[in-house]
Amino acid sequence: MSSLPRSALAGGERSSARFVPADPAKVAFTGGFWESWTRTAREVTVPTQYKRLQEEGFLEVLDFDKPPAPLVRPIQPSGLSMQHFFDSDFGKWIEAASYALKSHPDAEIEAKIDGIVEKLASGQMADGYLNSWFIRREPEKRWTNLRDLHEMYSMGHLLEGAVAYFEATGKRRFLDVMIRAVDHIIDTFGTEPGKLRGYDAHEEIEIALVKLWRVTGDPRHLKLAAYFVDERGRMPSYYDEEARRRGEDPAAYVYQTYAYSQAHQPVREQTRVEGHAVRAMYLFSAMADLACETNDPTLKEACDRLFDNLVGRQLYVTGGLGPSASNEGFTREFDLPNETAYAETCAAVALGFWTHRMAQIDLDARFTDRLETLLYNGALSGISRDGEHYFYENVLESHGQHRRWTWHYCPCCPTNIARLLTSLGQYVYTAKDDELAVHLYAESSAELDVGARFVRLRQETRYPWDGDIRLRLTLAEASRFAISLRIPGWCREARLSVNGEAVDLAAATAKGYARIERSWANGDEIRLHLAMPVDRLYAHPAAGEDAGRVALRRGPVVYCVEETDVGTEPQRLRLSAGAPVEPRFDADLLGGAVVLEGEALEAAASGWGLDLYRTSRPALTPRPFRAIPYHLWANREPGAMQVWLLEA
């Protein structure tokens, strides 16, 4: 592999007939909303996360030449320690840092990555196996418990980090280490005689293998990804056989059902999103990748069914998902509790991976609408405005008991949100041989290859606070191709023009994208206006937690009310059905944001004394209220918060 060039896609290059995401390093956020967030991620989040890995004793597990120290994370009753998958955190951090390095070189961060890589390389076993837990503590138990111990999950995240680092720097060391690890996995797993017919219960390696194939062009890498997806759910279950070999009763499995790992039936037969939310989203992301790369319609059809089930029955209004802490995932349809919502940050990030991939197969705004929702709400809420405090769970209601933390017992979410933010440019634009697609709106400039054409696109907007968007093209010469712009599903009134000439949106729009095909010239200008009234949202009648309640949204941003803004617990407020709610830009709110203001009614507690119940309703008194973007909550004084307000 030594001859592999830095930008190689070898035989793994995608067909030019398919959309390909923009190189994040060639998308610059030049101002506004995402410039601030991505700069913070690059300058604050990435460096402080490395510091946390040091302070919390994570990096010690890579000292292969020393006897293992006492556990940083003890063994749980399930037999799992968080330390079993510390390697995954190194992989995600390296991936996040690599995206930042590609556009903003940083010798200090690069040296830190090289240090981790050398430690991993020094500990790798002769046959290519690489997992710090098993190499240092239980080498005899490797590959004996795929159900519980995350071996390939960790290797997958290391592999994604290796691919990103190679693409950012051209350095092959880490990539070669991980290719050796993949060679070992290929030698160990599969349907051939003598191999184990297993697959990791925590999906992730599948995504990484597709990324590796796109770099190497080695068909074995894509074949292995397909094997892991196709083998999942085959009966009798490999996990039962594996448990018996360990001398355990499969019926004693702590989660009772392999739906927890989406391994209860073959993936093409699944119709309902079940189990652990992050695992599900990683699996569906891999299925979408394989559907794209292998032209497998059965995987695309399964993804469509599962997506419809998630969006129509199990997704929070913020784009969060997974209501239950007990399985970190799904329960029953329409079970969407607010105060006990789990809605793990990792799950929202992984849903972003899936929706983005689906939109590359099928340019349909139903996918990118959900991507946008989670970006501005249920994923972004997982990181503080200062870039170094986090939420694992993203509740929609609190009585003040929720606080952001600097690190977590299981710190999977910080590095996940970091890699999303540092790679954000790829989600804004995609292109293929005859078409450029604009999925998200943000002050930015991008350099894109539309087939053989080089296109520079400049986007000017104050989105999401304002719905006016201007795009200007720079071309070496006039050229004919299409530009597709998403018309968000929340928008009920839009206007589009090219060089001042109106475009018939109804005629131009299909599946939520307005497609303009014409001969484009240097300096051409597109203008898009998206009306942004304040919307009142109501939940499906079966979502009982939200009965009699209303949520506020403006554009893609969902709002909440915090106690610090209204002087009382928002749970006491009632919003009258006809009461006006007005937007106002507040430059002093955490870097500037549009807030919503109006008058609400407060249920007064005065005069109740020690009475807990009465035969008369509480008195309602008018008082002003203010709602802020949900992603900004818990960044100021502690206090209560609510998304779904009672409606009078």
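The values are calculated or read from the model by the stated rules, or taken from the named source; none is laboratory data. Note that this is a predicted model, so its numbers are computed, not measured. Cβ atoms come from the backbone with ideal geometry, glycine included; neighbour counts cover every protein chain shown.
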Only one of (1) in a helix (DSSP H, G or I); (2) in contact with a Lys or Arg (Cβ under 9 Å, 6 or more places away or on another chain); (3) buried (at least 17 other Cβ atoms within 10 Å of the Cβ) fails for E241. Which number is that? (3)
Got a sec? Which strands (runs of 3 or more DSSP E) wholly within region 558-640 have at least 2 residues that are at pLDDT 95 or above and in contact with a helix residue (DSSP H, G or I) (Cβ under 7 Å, 6 or more places away or on another chain)? 593-603, 620-629
Kindly indicate whether any position in region 188-203 is among the acidic types (D, E) and surrounded by fewer than 17 Cβ atoms within 10 Å (Cβ to Cβ). yes
Would region 297-305 turn up any residue that is surrounded by fewer than 24 Cβ atoms within 10 Å (Cβ to Cβ), free of Cβ contacts under 8 Å to residues at least 24 places away in the same chain and in contact with a Gly (Cβ under 9 Å, 6 or more places away or on another chain)? no
In the set E493, E525, the lone residue that is surrounded by 13 or more Cβ atoms within 10 Å (Cβ to Cβ), modelled with pLDDT of 95 or more and either farther than 30 Å from A452 by Cα or of a type outside the set (A, V, I, L, M, F, W, C) (or both) is E525
Within region 122-142, considering residues that are in a helix (DSSP H, G or I) and touching a helix residue (DSSP H, G or I) at 6+ places or on another chain (Cβ under 6 Å), the one surrounded by the most Cβ atoms within 10 Å (Cβ to Cβ): S132
Of the residues K92, K119, K112, only one is buried (at least 23 other Cβ atoms within 10 Å of the Cβ) and not hydrophobic (A, V, I, L, M, F, W, C); which? K92
Search result, residues across region 244-278 that are among the small types (G, A, S) and crowded, with 18+ Cβ neighbours inside 10 Å: A259, S261, A263, G275, A277
Flag if A542 is touching a residue at least 40 places away in the same chain (Cβ under 8 Å) and either of a type in the set (D, E) or in a loop (DSSP other than H, G, I, E, B) (or both): yes
Output the helices (runs of 4 or more DSSP H) that fall wholly within region 143-237 and possess 3 or more residues being among the β-branched types (V, I, T), more than 21 Å from S122 (Cα to Cα) and at pLDDT 95 or above, or say none. 205-216
Members of region 496-514 found to be among the basic types (K, R) and crowded, with 17+ Cβ neighbours inside 10 Å, listed by number: none
Kindly check whether there is at least one residue in region 324-346 that is closer than 17 Å to L420 by Cα, at pLDDT 95 or above and among the basic types (K, R). no
With the requirement that a residue be out of contact with any Ser or Thr (no Cβ under 9 Å at 6 or more places or on another chain) and among the hydrophobic types (A, V, I, L, M, F, W, C), what does region 511-523 give you? none
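A quick yes/no check of all residues on (1) within 29 Å of T40 (Cα to Cα); (2) within 12 Å of the chain's Cα centre (by Cα); (3) assigned to a loop (DSSP other than H, G, I, E, B):
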site: T331; (1), (2), (3): no, no, yes
site: A350; (1), (2), (3): yes, yes, no
site: W354; (1), (2), (3): yes, yes, no
site: R366; (1), (2), (3): no, no, no
site: E372; (1), (2), (3): yes, yes, no
site: R385; (1), (2), (3): yes, no, yes
Tell me yes or no: at least one residue of region 465-483 is closer than 20 Å to P583 by Cβ, of a type in the set (A, V, I, L, M), at pLDDT 95 or above and not assigned by TED's automatic domain parsing to the domain that holds G555. yes
Scan region 287-301 residue by residue and report those that are out of contact with any Leu (no Cβ under 8 Å at 6 or more places or on another chain) and either under 17 Å from A350 (Cβ atoms) or not assigned by TED's automatic domain parsing to the domain that holds G319 (or both). D289
